Amino acid sequence: MHALEEYGLMHVKLYEDIARNGHIATTYAYPVKVEGRYVMDPSPTPKFDNPKMHMSEALQLFGAGREKRIYAVPPYTEVVSLDFEDHPFEIQHFDKPCALCGAEHVYLDEVVLDDKGGRMFVCSDTDHCEDRREHGHAGHLLAQQEAAE
Amino acid sequence: MSAVPLLKVNDVSKFYGSRTGCRNVSFELWPGEVLAIVGESGSGKTTLLSCLSTRLMPSSGIVEYHMRDGQYRDLARMGEAERRFLMRTDWGFVHQNPADGLRMTVSAGANVGERLMAVGDRHYGNIRATAADWLRRVEIEEDRIDDQPRAFSGGMRQRLQIARNLVTSPRLVFMDEPTGGLDVSVQARLLDLVRGLVHDLGLSAIIVTHDLAVARLLSHRMMVMKDGLVIEQGLTDRVLDDPREPYTQLLVSSILQV
């Protein structure tokens, strides 16, 4: 597949996504093209982080244990997510900042709070979230809680 | 028809160990021409087709193809990547069993669109419109575009396979018993469809069949094979109406006249 540069099948997968869901519904293991040549699966990183791989300063290592495979993306390498011209690659957007630390432009997880439809969106990176709270940042839920106490 | 052949086959043989697949086959295929290879099972016709379409490497002999840039290329000497590219752009291969030529678990639209995406088409709307157009041309309802071929009847699958192959406007299509597993009325419609498409698109085709009726309807020229050898070739009407070889006479006379 790599030697012959036969990557048509990756777009077939994205095509199926649009045909079924009206948009590209793949949210992780989203295929990227590296340096205009190799298509790679950056699983398990969510596609939210795909743009960060582009021209990254870091050496990125990926392993697929069961397939006995390890691969790497060198620093400062072009990494572009595959897409269609009329359905361009998009990352998730969140309407509100993190409910606990108020961070914006981070990936949020949805947490169900009760059985009456209550829910909150909090940082997926809990360490980063705690760190921020220790430094005095507070989201709206934390602020409410403090007000109640 | 232009002045040079599309495919030049020179003395092609294929041996499986000491067994003979096909032996000393030579012919030329011209642009727009449909050639039928007929013979009973085991006569080497599928082996020959595989050798021509690079699915098998011939034991000896040369197959040359007239590329779009006007050069003749020896297929055996082409690189794998180049050959694969040729196969998914300029050529088509219609299998007897549609399941071999289709992706059964992706939608009909994606099946037709795959070749387009493989050659770099990146506009979803255009790919879908082309796929819908091709479904219409092979008489499949447009609202079946998101259905998987698993949900299609045998005849529809075969038509879908044809659409999938023709979408990149190939110049040469190989067909291995394209009407093999279909019932008679579906066969007739499919043959009619293929004949129309071949005529409209100016395709060249090589069709392997054991069914002389298929050869009669579709092909301009035919080759009769027996035990790996081409024993008779000529214009289809001539071979069928006035067979010279005893074996061909037997073959022709064994058809039921209706």
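The values are calculated or read from the model by the stated rules, or taken from the named source; none is laboratory data. Everything numeric in this text was worked out from a predicted model, so none of it was measured. Virtual Cβ from ideal backbone geometry, glycine too; neighbours counted across all protein chains shown. What goes into the accessible areas is simple: the full protein's heavy atoms, side chains included, and nothing from ligands, DNA or RNA. Shrake-Rupley method; radii C 1.70, N 1.55, O 1.52, S 1.80 Å.
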* Asked: Counting only DSSP beta bridges with both residues in the protein assembly as shown, what percent are antiparallel, rounded to the nearest 5?
  -> 70
* For every helix of n ≥ 4 consecutive DSSP H residues, a contribution of -39,500 (n - 2.57) applies; sum these over the protein assembly as shown, divide by its total residues, and give [θ] at 222 nm rounded to the nearest 500 deg cm²/dmol. => -9500 deg cm²/dmol
* To do: Assuming R0 = 22 Å, can you tell me the calculated FRET efficiency for the pair B:ALA188 and B:GLU28, based on Cβ-Cβ distance, to the nearest 0.05?
  => 0.10
* For the protein assembly as shown, with +1 on Lys and Arg beta carbons and -1 on Asp and Glu, the positive-most of B:ILE62, A:TYR30, B:LEU116 along the dipole -> B:ILE62
* In Hz, Karplus ³J(HN,Hα) per residue of the range A:122-136 (6.51, -1.76, 1.60; θ = phi - 60°; x = Gly, Pro) -> 10, 3, 5, 8, 5, 5, 4, 5, 4, 3, 5, 5, 4, 8, x
* Asked: Antiparallel DSSP bridges in the range B:137-258: what percent, to the nearest 5?
  -> 55
* Applying the Karplus parametrisation 6.51 cos²θ - 1.76 cosθ + 1.60 with θ = phi - 60° to the phi angles of the range B:33-42, what ³J(HN,Hα) value in whole Hz is obtained for each residue in order, glycine and proline being reported as x? -> 9, 10, 10, 9, 10, 10, x, 6, 5, x
* Structure fact -> Averaged over residues of B:73-81, the number of beta carbons from other chains lying within 10 Å of each residue's Cβ is 1
* Structure fact -> trypsin sites (Lys or Arg not before Pro) in the range B:16-107 lying in a DSSP loop, each with at most 14 other Cβ atoms within 10 Å of its Cβ, come to B:ARG55, B:ARG68
* Counting only residues 5 or more places away or on other chains, whose amide H sits under 5 Å from the amide H of B:ILE231 once H atoms are built in the peptide plane? -> B:VAL224, B:MET225, B:LYS226
* Sorted peptide list for B:123-135, A:104-116, A:82-94, criterion being average Cβ within 10 angstrom, highest first -> B:123-135, A:82-94, A:104-116
* **Averaged over A:120-129, number of beta-carbon atoms from partner chains that fall within 10 Å** => 0
* **Long-range HN-HN contacts of B:VAL173 with modeled amide H, under 5 Å** => B:GLY92, B:SER204, B:ALA205, B:ILE206
* Long pairs among A:LYS13/B:LYS8; A:LYS13/A:LYS52; A:LYS47/A:LYS68; B:LYS8/B:LYS226; A:LYS47/A:LYS96; A:LYS13/B:LYS45, criterion Cα-Cα beyond 30 Å -> A:LYS13/B:LYS8; A:LYS13/B:LYS45
* To do: Assign one of three labels to the range A:69-109, namely rounded, prolate or oblate, based on the Cα gyration tensor with a ≥ b ≥ c the square roots of its eigenvalues; rounded applies when a/c is under 1.5, prolate when it is not and a/b is larger than b/c, and oblate otherwise.
  => oblate
* What are the residues whose amide H is under 5 Å from the amide H of A:SER56, where those residues sit 5 or more places off or on another chain and H is modelled from the backbone? -> A:TYR76, A:THR77
* Partner chain Cβ atoms within 10 Å, averaged over the residues of B:117-123 - can you pull that number for me? => 5
* Structure fact -> Residue-normalised value, i.e. accessible area per residue, for the range B:155-258 at 1.4 Å probe, in Å², stands at 45
* Structure fact -> In whole Hz, the Karplus estimates of ³J(HN,Hα) for the range A:29-44 (6.51, -1.76, 1.60; θ = phi - 60°; x where Gly or Pro) are 6, 7, x, 10, 9, 9, 6, x, 9, 9, 8, 9, 9, x, 3, x
* To do: Rounded to the nearest 100 Å², what's the accessible area chains A and B bury against each other, both chains counted, probe 1.4 Å?
  => 1700
* To do: Could you tell me the distance between the Cα centroids of the range A:31-84 and the range B:140-188, to the nearest Å?
  => 38
* Could you rank A:LYS96, A:LYS47 by how accessible they are, 1.4 Å probe, largest area first? => A:LYS96, A:LYS47
* Structure fact -> Given the candidates A:TYR107, A:PRO88, A:PRO74, the one whose Cα lies deepest towards the positive end of the charge dipole of the range A:63-137, counting +1 at each Lys or Arg C-beta and -1 at each Asp or Glu C-beta, is A:PRO74
* To do: Would you mind checking the range B:169-196 for residues with the amide N under 15 Å from a putative spin-label position 7 Å along Cα→C-beta of B:ALA213?
  => B:178-193
* Treat each spin label as a single point 7 Å out from the Cα along the C-beta direction, and report the B:GLU245 to B:ARG136 distance in nm. => 4.6
